[in-house]
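Data first, discussion second: the structure below is written as structure tokens.
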Amino acid sequence: MIEKNYYSKFKQSLDQPLLKYSGSLEESNYYNKFEQSSGQSLLKYFSTLDLEDWIDFFDDYYRHELTFLLRILDTPKGEDIYSYGLIWVNNVDSATRELITRGNDILLSKYIVQNDSDLLEETFKAIRYLKLNVNQDLLAQIISSKEGKPKLRELAAITLIAVHENSATTFWDNLDLESDQFLIPSYIAFHRKNNPVKGLGKLKLLQQKPENISVFETPILYSLLQISTSTSSVEEYKVMQRKFPTWANTFIKELFDDYPELDDFKNKVKKPYEDILEKMGIEYSVLEDKTLPKELMNSLSLLIEKVTKNPAILGVVNQKRYNIISPDYIDDMKIIIDELFVAVYSSVNGKYHEPPKEPVYDIPENSIYYDKPTIFLYPYFLDQDRIEKAGVIPYATQTSIAIVLHKDNCLYKKWQALRDTAIKDNSLENNQEREVDIRISKADSKKWLKELVENIYNTNGQIHSIRGYVFHSIIKQFVIENVENDDTLGEVLKAPTDLSIVKEKLVFFKQPKVGEQIDRNSILLLDPSDAFKETENGQVFMSFLQSTFFKVVTVRHGLDIPIGIGYSLFALPRLLNNGTWKKLQVLMKDKLSSHKENLSKVGIELIETEAISELNTIKV
Amino acid sequence: MSFYLQAMINFPGPEKNKFEKRINDWSEISPYGQRVARNIFTEHFLPVDKMTELLHFILNDPLTSWNLFEVNYQKVCYRQALQGGKLKVAQKPQLFGAAVEYETFLKHLKDNYPSELGYAGDDAIIKDFISRLNKGRLSKILGQIIRLKKFSVWATWNENDFAAMPFDYCKTSIADEVRANMGLKRDDAEKSTSLLLFVYSIPNHIEPQRPTIADAELSQYFEPPPPTFDRHGWTVNWQHEERMSAYSMKPRPECIHDSILLSHLKLPIEIRP
């Protein structure tokens, strides 16, 4: 496009009419002198010209009247008199330059009166090139004239800066830059040495990206280089930059790529983690979002740490397609999960087109899904084992754990005593068996659970759990946080048992043989939902439970395990951008709100309000 | 047969004599006339119809002032620029080279890109810009805006290897060696400014042309190649002097083409003192 425009201008230049001979051709005085100066150097000839000669000389030059100038200003192959001619004149002595300056003042005044933009533009070129110290009031008059053509006024401004670098600041301050925005690059250029922050401050007037952005490049570049030399200016700039329009900040970032001399400045103004976030395609505003849940902020910290240590994983982070794991085994949440699937898919992978779902029953922590961008749609419990490689968009917290223990276990008796006391002290209605008993305080619950673990240590009991659930991990986390001698846990905590063999393997479900002594010191960890028979597994567990010997209590563990839409760390960028996480969180909170009471009974508390974290900060 | 003779076939005998007298008169009173007269009879790249137009102009222009005549001659040349036809070479050179005086390039940038580069009174910004090109750096935006020259560019290439650097022939790193080979103006050398060497690829939409007397207009250091040679132009070297004995001096292949964007440059450019 640019080349076509350029070429059309070139073609126009070919259509100049030939001169017509008018009968008599009066030679100008400057040409007479040239003819008489035969054999002399051109500079010597120039020194013979007086003010009138120079006025005629430049008037002819600006008007493209080359009849006499052509022979004076001989040009080399490939050049013309305008690209080359004044190079000769630029070498004149100071007295001659002064004459030329006065002559151009006179021509400027004349052309202003004639209101001839073409001649003025030609004059500006010569003034800039020859650095003629012309009357700055004349230039100021053109710049300020609201009736003048914008291009002419802009060129006058550039010319003023070129020949009067220290022109009055008040003149520039009085310009109406709100309406004459084409003067903003000149304003920035003028202030680039003495007050670059002030100059760049005018960028905020340009909310829309200007059509011709190239005119901003060097004014901004030299302003930034100047700012870089002063600590206080850098600090001022950091504050001011927040008000820059988006295009300006993007443009300045591009300048950082093109100009290594800005590296020092870039380092001074760089926000923490700006580069790495950019490489992951994460908007910087995410870091400044005070509503970002701590789970997501923690994931971001971990991801930044991983990328910092091993930049090669950026390839995984920026992988085009995200995996989405859909739980086809949760029948009662099918509608919600299906809706969530569409919302997640369209947010991270583009337009939804019914891709094959990837139903998975159990994703172990060493699964390859954690080594690529993956989103888990089933209620994802962010326990301690997962937190290094995954996160959640939280919509609830898991507060409780169901425990199967022998009715003669002393801790079961202690539990009953706690309940009895709680019933007396609490006006709340009695809740159902195996339901989370909120009448027992969190502190008492934790204390009881701690004692239970210690009792197992002391009696050589064992802690069992079911594979595919997180309670094996939750009890570990509880012990680490609450039990002093946590090393013993490894001896008593058994590997989770596969669901298909619990009835054959675990004492809690096996019919005891005659005379067999039943282990009273071991416990089984269950999901409160299963204990409450809310789930299919729960129905099975409870129907096979040897209820003659074993009881179930559901106790608050005090850990508040986040539950939400799960993701591998590599899936974080697209969930963070455009507030995607927030939309998905709202969707799930909305869908689950009608289940609030039932969820509460099984130890799941929905997040009530907008999860506004205390000022989240990245910790790497 | 030269294109001059082919064009003259259309002129009656007396016209031919009149033309020759006129060009003879011009060459006697003006250095420009001498340059044109030397070349017009051997020009053979300018198409015959263009040549005829040029001859008609010289023959029939009614002006009695040679000054006016020369201005008009130059305008006629503008109209016939870039008409010499494609290079007749086996393979289009991959790299072209143009030598431009530092001061000329500086003025070109200052005149034609004032908003981008032209507002520093001491030319510091333009000098920085050229210095960056010399360090191999050019911003994306300016590379897509700024042209090597306003109009056409005279260029050369490596005649031995179309993919090789065009100025590889130099035996010294002295600017005058390039000037002497390319037929640049000697006065510039006397002013002791630097010479910029640009190497670039020419984009497909620009076709390098064989140079003609119309492209050369009134300038020195041009002459059409020998009548039997039709592949490209040849530069006209400076007349040899003793101080040039270290130079590798001979006519180099030459063409002319529309200007290119700086983004086509092979960076860094070279600055020869």
Next on the checklist: When you scan the range B:200-207, do you find a residue that is within 14 Å of chain A (Cβ to nearest Cβ), out of contact with any Asp or Glu (no Cβ under 7 Å at 6 or more places or on another chain), at pLDDT 95 or above and crowded, with 20+ Cβ neighbours inside 10 Å, even just one?
Outcome noted: yes
Next on the checklist: Of everything in the range A:71-111, what is aliphatic (A, V, I, L, M) and either surrounded by fewer than 21 Cβ atoms within 10 Å (Cβ to Cβ) or closer than 18 Å to A:K44 by Cβ (or both)? Give them in sequence order.
Outcome noted: A:I72, A:L73, A:I81, A:L86, A:I87, A:V89, A:V92, A:A95, A:L99, A:I100, A:I106
Checklist entry - Which of the helices (runs of 4 or more DSSP H) contained wholly in the range A:123-219 include at least 2 residues that are under 23 Å from A:L262 (Cα atoms) and not assigned by TED's automatic domain parsing to the domain that holds A:K110? => result A:184-191, A:196-201
Checklist entry - So which of B:L197, B:L267 ends up being part of a strand (DSSP E or B) and modelled with pLDDT of 95 or more? => result B:L197
Item to check | Answer residue from the range A:74-88, given it is of a type outside the set (A, V, I, L, M, F, W, C) and at the interface with another protein chain (Cβ under 7 Å from one of its Cβ atoms) and is nearest to B:S152 (Cα to Cα) among those | outcome: A:G78
Item to check | Selection from the range B:76-102 of residues that are more than 10 Å from chain A (Cβ to nearest Cβ), farther than 24 Å from B:V178 by Cβ and crowded, with 17+ Cβ neighbours inside 10 Å | outcome: B:Q83
Item to check | Subset of the range A:27-86 (residues that are small (G, A, S), under 60 Å from the mean Cα position of the chain (by Cα) and assigned to a loop (DSSP other than H, G, I, E, B)) | outcome: A:G78
Checklist outcome for this item: The correct count of residues that are surrounded by fewer than 20 Cβ atoms within 10 Å (Cβ to Cβ), out of contact with any strand residue (DSSP E or B) (no Cβ under 6 Å at 6 or more places or on another chain) and in contact (Cβ under 8 Å) with a residue 24 or more places away in the chain in the range B:152-161 is 0
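Results for (1) outside any loop (DSSP other than H, G, I, E, B); (2) farther than 15 Å from A:V404 by Cβ; (3) without any contact (Cβ under 8 Å) to a residue 40 or more places away in the chain, shown as yes or no for each residue.
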| position | (1), (2), (3) |
| --- | --- |
| A:T488 | yes, yes, yes |
| A:A495 | no, yes, yes |
| A:G515 | no, yes, yes |
| A:D519 | no, no, no |
| A:L525 | yes, no, no |
Next on the checklist: When the residues of the range A:162-189 are narrowed to those that are within 14 Å of chain B (Cβ to nearest Cβ) and more than 23 Å from A:T250 (Cα to Cα), which ends up surrounded by the fewest Cβ atoms within 10 Å (Cβ to Cβ)?
Outcome noted: A:N166
Next on the checklist: When the residues of the range A:441-484 are narrowed to those that are without any contact (Cβ under 8 Å) to a residue 40 or more places away in the chain and not in a helix (DSSP H, G or I), which ends up surrounded by the fewest Cβ atoms within 10 Å (Cβ to Cβ)?
Outcome noted: A:E484
Item to check | So B:I146, is it closer than 30 Å to A:V215 by Cα, within 10 Å of chain A (Cβ to nearest Cβ) and in contact (Cβ under 8 Å) with a residue 24 or more places away in the chain | outcome: yes
Checklist entry - Any chance the range B:161-178 includes a residue that's among the aromatic types (F, W, Y), within 14 Å of chain A (Cβ to nearest Cβ) and within 21 Å of B:Y221 (Cα to Cα)? => result no
Checklist entry - Restricting attention to the range B:175-186, does a residue exist that is within 30 Å of B:L55 (Cα to Cα), among the small types (G, A, S) and in a loop (DSSP other than H, G, I, E, B)? => result yes
Checklist entry - Looking at (1) under 21 Å from B:F229 (Cα atoms); (2) part of a helix (DSSP H, G or I), which is the only condition B:L59 fails? => result (1)
Checklist entry - Condition test on B:I130, is it surrounded by fewer than 22 Cβ atoms within 10 Å (Cβ to Cβ), of a type in the set (A, V, I, L, M) and more than 7 Å from chain A (Cβ to nearest Cβ)? => result yes
Checklist outcome for this item: Cβ pairs under 8 Å, 6+ apart or interchain, first in the range A:542-556 and on the phi < 0 side of the Ramachandran plot and in a strand (DSSP E or B), second of a type in the set (S, T, Y) and surrounded by 18 or more Cβ atoms within 10 Å (Cβ to Cβ), ordered by first then second residue, are A:K551/A:Y412; A:V553/A:Y412; A:T554/A:S400; A:V555/A:S400; A:V555/A:S445; A:R556/A:T399; A:R556/A:S400; A:R556/A:S445
Item to check | Output for the range B:103-127, where each listed residue is more than 8 Å from chain A (Cβ to nearest Cβ) and within 27 Å of the chain's Cα centre (by Cα) | outcome: B:F105, B:L106, B:L109, B:N112, B:Y113, B:D123, B:I126, B:K127
Checklist entry - Can you spot a residue in the range A:195-207 that is crowded, with 22+ Cβ neighbours inside 10 Å and within 13 Å of another protein chain (Cβ to nearest Cβ)? => result yes
Next on the checklist: Quick test of your reading of the structure: B:H56 fulfils all but one of (1) crowded, with 21+ Cβ neighbours inside 10 Å; (2) out of contact with any Asp or Glu (no Cβ under 8 Å at 6 or more places or on another chain); (3) not aromatic (F, W, Y). Name the failing condition by number.
Outcome noted: (1)
Checklist outcome for this item: The residue from A:S285, A:S223 that alone is assigned to a helix (DSSP H, G or I) and either in contact (Cβ under 8 Å) with a residue 40 or more places away in the chain or crowded, with 18+ Cβ neighbours inside 10 Å (or both) is A:S223
Checklist outcome for this item: Quick count over the range B:215-264, residues being more than 21 Å from B:L148 (Cβ to Cβ), within 14 Å of chain A (Cβ to nearest Cβ) and not in a loop (DSSP other than H, G, I, E, B), is 1
Checklist entry - Looking at the range A:461-476, which of its residues are closer than 21 Å to A:W415 by Cβ and not aromatic (F, W, Y)? => result A:G461, A:Q462, A:I463, A:H464, A:S465, A:I474, A:I475
Next on the checklist: Given the criterion touching a His at 6+ places or on another chain (Cβ under 8 Å), in contact (Cβ under 8 Å) with a residue 24 or more places away in the chain and surrounded by fewer than 17 Cβ atoms within 10 Å (Cβ to Cβ), identify the matching residue among B:P227, B:P253, B:P268, B:P273.
Outcome noted: B:P227
Item to check | Hits in the range A:249-280 - residues which are more than 14 Å from every other protein chain (Cβ to nearest Cβ), under 18 Å from A:I227 (Cα atoms) and in a helix (DSSP H, G or I) | outcome: A:N249, A:D264, A:F265, A:K266, A:N267, A:K268, A:V269
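The values are calculated or read from the model by the stated rules, or taken from the named source; none is laboratory data. Here the structure is a predicted model, which is why all the values come from computation and not from measurement. As a convention, Cβ positions derive from the backbone with ideal geometry for all residues, glycine included, and neighbour counts pool all protein chains shown.
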